[in-house]
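Novice: Here it is, the structure, as structure tokens.
None of the figures in this text is laboratory data; all of them are computed from the coordinates on show. From a predicted model like this one, the values you see are computed outputs, not experimental measurements. Because the Cβ atoms are built from the backbone with ideal geometry, glycine has one as well, and the counts that use them run over all protein chains shown.
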Amino acid sequence: MSAKQPNPKPATASEERELERQLEIMRDGAEELIGEPELRVRLLESVRGGDPLRVKFGVDPSAPDLHLGHTVVLGKLKRFQDLGHIPIFLIGDFTARIGDPSGRKKTRPALEPEDVQRNADTYLAQVGTILDVDRAEIRFNSEWMDPMTTSDFIRLCSNYTVARLLERDDFAKRYAAQEPIAVHEFLYPFAQSYDSVALRADVELGGTDQKFNLLLAREIQRAYGLRPQAVVTHTLLVGTDGSEKMSKSLGNAIGISEPPEDIYGKAMRVSDPLMLTYFDILSWGEWDDLAQARSAVAEGKGDPMALKHELAFRLVARCQGDEAAKAAREHFRSVVQRGEVPEELEEVSFSVGSEGSLGVLDILRELGFAKSNSEGRRLVTQGGVQVDAKVVGDPAARLSPGTYVVRAGKRRFARAILRK
RNA sequence: GGAGAGGUACCGAAGCGGUCAAACGGGGCAGACUGUAAAUCUGCUGGCUUAGCCUUCGGAGGUUCAAAUCCUCCCCUCUCCA
């Protein structure tokens, strides 16, 4: 395949309309669309009955639980799929073993192959809730990276310079801050770029933190005589803390497989400004009916809580269906807003043993409400523990056989059944 | 290969022979206030059978009545020179 383009016939008016329609959707919610001229040429071919676009989205299977942050780009991939293009869901099993430094302040640990495989399986199961996996191309990059020889790889790396690598934002920052950068981290972008060569990607989607890698892929594709892919970057979703990017390891993520009440509750707990951001990034062009409510809240009018409820509801519904969303909403209203005890509680049975009673600290620990007795003691002393709606102030308190509703903090509940 | 700086609790960072379970900030947890929002305020934040005891300051040894603090070796990181 040559990088040279045949001189295409100009687009007719209807082709032009279709082109614009598709480009509009591709740009929607995106931070940047790079390589639009090439994309137009390629898209026109597709509109005229040629092959659909090959749209790549690569994930690192190091964190197996998908959260809303992942769904931003995944949602875009779905929209490409809806336009009739081919979504390529690339699982970076090879690259995961390298460890992507993107957006990281620290070197990322490499994973064991078994972990990678297990994570990939979990991943795919979750992706299915958003994307029609049966009509998508699912690939693993070990397919072409494993057979690659060292000299192949060195040749690949010869297409770029150290100075330009160091310009990359996260490397530059770490270098300036005198923090370590391991050599293998430099290799990651090359491996990722080669994926685009192997897959003959026409478009690659990613977060803004991926911009460097995505752009490098264009250069590498050219070096291998291919047309450079277009690049569509998306703003990273900020985590529930409102400052760091959403990430499971930072504990600020809303996972799409979490219990519906948790997704709903976490969504309700974000700040109002953050809610608006979530709304914009996660609407995928589907929530136009709420546009008015959204702008009212943005102007300080309107009802922020009502909008937040709506957002929470739709997020749960998107991941887990309407029934789950309804239940989650009811749960939130009753437990959180009215302070009622949840209808369904986790039940844990205990045996009181020879003493005929059990200490609260032991119960808290067993329920997972406290990691240690000291932590439990703190919780109790600070008035954070209730048994049957009564505050337990004494860490030495003991419960005799019976059934109790144990509450820790505002929203952790369990039913403890003490037996002789 | 040479010279210098450094590795402290979840993170950042002070401490540099006893008064150190280790200042301060962030994060986390709990409480108050709320819309379980945010913001704010208060308290807690190694473990245990908790007025006491046990284990922590890169690792292993050593000096000392006493070490995060001093010595030796090792491991790791950064900078400059080659």
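Novice: Determine the sum of side-chain charges near A:T71: Lys and Arg each +1, Asp and Glu each -1, restricted to other residues whose C-beta is under 11 angstrom from that of A:T71.
Specialist: On the way: positive: A:K76, A:K78, A:R318; negative: none.
It works out to a net charge of +3.
Novice: Something else: Just A:G339, A:G255, A:G206 to compare: in a GNM of chain A, with alpha carbon springs under 10 Å, which one fluctuates most?
Specialist: Result for chain A, Cα springs under 10 Å: A:G339 fluctuates most.
Novice: Explain nothing, just compute: Karplus ³J(HN,Hα) = 6.51 cos²θ - 1.76 cosθ + 1.60, θ = phi - 60°, for every residue of region A:298-310 in order, whole Hz, x for Gly and Pro.
Specialist: 4, 8, x, 9, x, 10, x, 5, 4, 5, 5, 4, 5
Novice: Amide H to amide H under 5 Å from A:F350: which residues, 5+ apart in sequence or cross-chain, H placed 1.01 Å off N in plane?
Specialist: Close amide H contacts, sequence-distant or interchain: A:I417, A:L418, A:R419.
Novice: Then there's this: Beyond 16 Å, what share of the Cα-Cα pairs of region A:126-208 remains, rounded to the nearest whole percent?
Specialist: On the way: 2202 of 3403 pairs.
Across region A:126-208, Cα pairs with separations above 16 Å total 65 percent.
Novice: With axes computed from alpha carbons, what is the tilt in degrees of helix A:113-127 against the longest principal axis of chain A, rounded to the nearest 10 within 0 to 90?
Specialist: Here the helix axis deviates by roughly 90 degrees.
Novice: Of A:A125, A:T381, A:A416, whose Cα points farthest to the positive end of the dipole of chain A (charges on the beta-carbon: +1 Lys, Arg; -1 Asp, Glu; origin at the Cα centre)?
Specialist: Checked the options; the winner is A:T381.
Novice: Pull up the cross-link candidates among the aspartates and glutamates for A:K211, meaning alpha carbon to alpha carbon under 14 Å and not fewer than 8 places away within one chain.
Specialist: A:K211 reaches A:E31, A:E32, A:D100, A:E167, A:D169, A:D170, A:E219.
Novice: Related question: Could you point to the residue in A:C319, A:V116, A:A177 farthest towards the positive end of chain A's charge dipole, with +1 and -1 charges on the Cβ of Lys/Arg and Asp/Glu respectively?
Specialist: A:A177
Novice: How do the peptides A:308-319, A:290-301 rank, highest first, by the average count of neighbouring beta carbon atoms within 10 Å per residue?
Specialist: Values: A:308-319: 21.4, A:290-301: 13.8.
By packing density, highest mean first, the sequence is A:308-319, A:290-301.
Novice: Can I ask one more? Normalise the Cα radius of gyration of region A:263-420 by 2.2 N^0.38 Å (N = residues in it) and let me know the number.
Specialist: Values: Rg = 20.1 Å, N = 158, 2.2 N^0.38 = 15.1 Å.
That ratio works out to 1.33.
Novice: Collect residues whose amide H, placed 1.01 Å from N in the peptide plane, falls under 5 Å from the amide H of A:V238; neighbours closer than 5 in sequence don't count.
Specialist: A:M246
Novice: Calculate I(q)/I(0) for region A:13-236 by the Debye formula, one identical point scatterer on each C-alpha and no solvent, and give its log10 at q = 0.17 Å⁻¹ to two decimals.
Specialist: -1.29
Novice: Let me ask something additional. Multiply the residue gap between A:I138 and A:Q292 by 0.36 nm, knock off their C-alpha separation, and tell me the result in nm, one decimal place. Intermediate results must be reported in sequence, preceding the final value.
Specialist: Working: separation 154, 0.36 × 154 = 55.44 nm, distance 3.88 nm.
That pair, A:I138 and A:Q292, stretches by 51.6 nm at full extension.
Novice: To the nearest µm²/s, what D does Stokes-Einstein give for region A:286-367 at 20 °C and 1.002 mPa s, using the Kirkwood radius over alpha carbon pairs as Rh? Walk me through the numbers on the way to the answer.
Specialist: Numbers: Rh = 16.2 Å.
Once the numbers are plugged in, D ends up at 132 µm²/s.
Novice: With 19 Å as the cut-off, how large is the P(r) tail for region A:347-419, expressed as percent of Cα-Cα pairs?
Specialist: Details: 570 of 2628 pairs.
Summing the P(r) of region A:347-419 above 19 Å gives 22 percent of all pairs.
Novice: Then there's this: Contact order normalised by length for region A:207-277, with contacts defined as Cα pairs under 8 Å and 6 or more residues apart; what percent is it? Walk me through the numbers before you get to the answer.
Specialist: Details: 64 pairs, mean separation 15.8, N = 71.
Relative contact order comes out at 22 percent.
Novice: Additional query: In region A:148-289, how does Rg compare with the Kirkwood Rh, expressed as the Rg/Rh ratio over alpha carbon atoms? Write out the running numbers ahead of the final one.
Specialist: Working: Rg = 18.9 Å, Rh = 17.8 Å.
That ratio is 1.06, to two decimals.
Novice: For helix A:13-27, what angle does its Cα long axis make with the longest principal axis of chain A, in degrees from 0 to 90 and rounded to 10?
Specialist: 40
Novice: Order of A:350-359, A:115-124 by packing, highest average Cβ count within 10 Å first?
Specialist: Details: A:350-359: 12.7, A:115-124: 17.7.
With the highest mean Cβ count within 10 Å placed first, the list reads A:115-124, A:350-359.
Novice: Using the per-residue mean of other Cβ atoms lying within 10 Å as a proxy for protection, in what order, highest first, do the peptides A:70-80, A:408-418 fall?
Specialist: Packing order, densest peptide first, comes out as A:70-80, A:408-418.
Novice: Where the Cα atoms of chain A are projected onto their three principal axes, how long is each span, largest first, in whole Å?
Specialist: For chain A, the Cα extents along the three principal axes come out at 86, 51, 41 Å.
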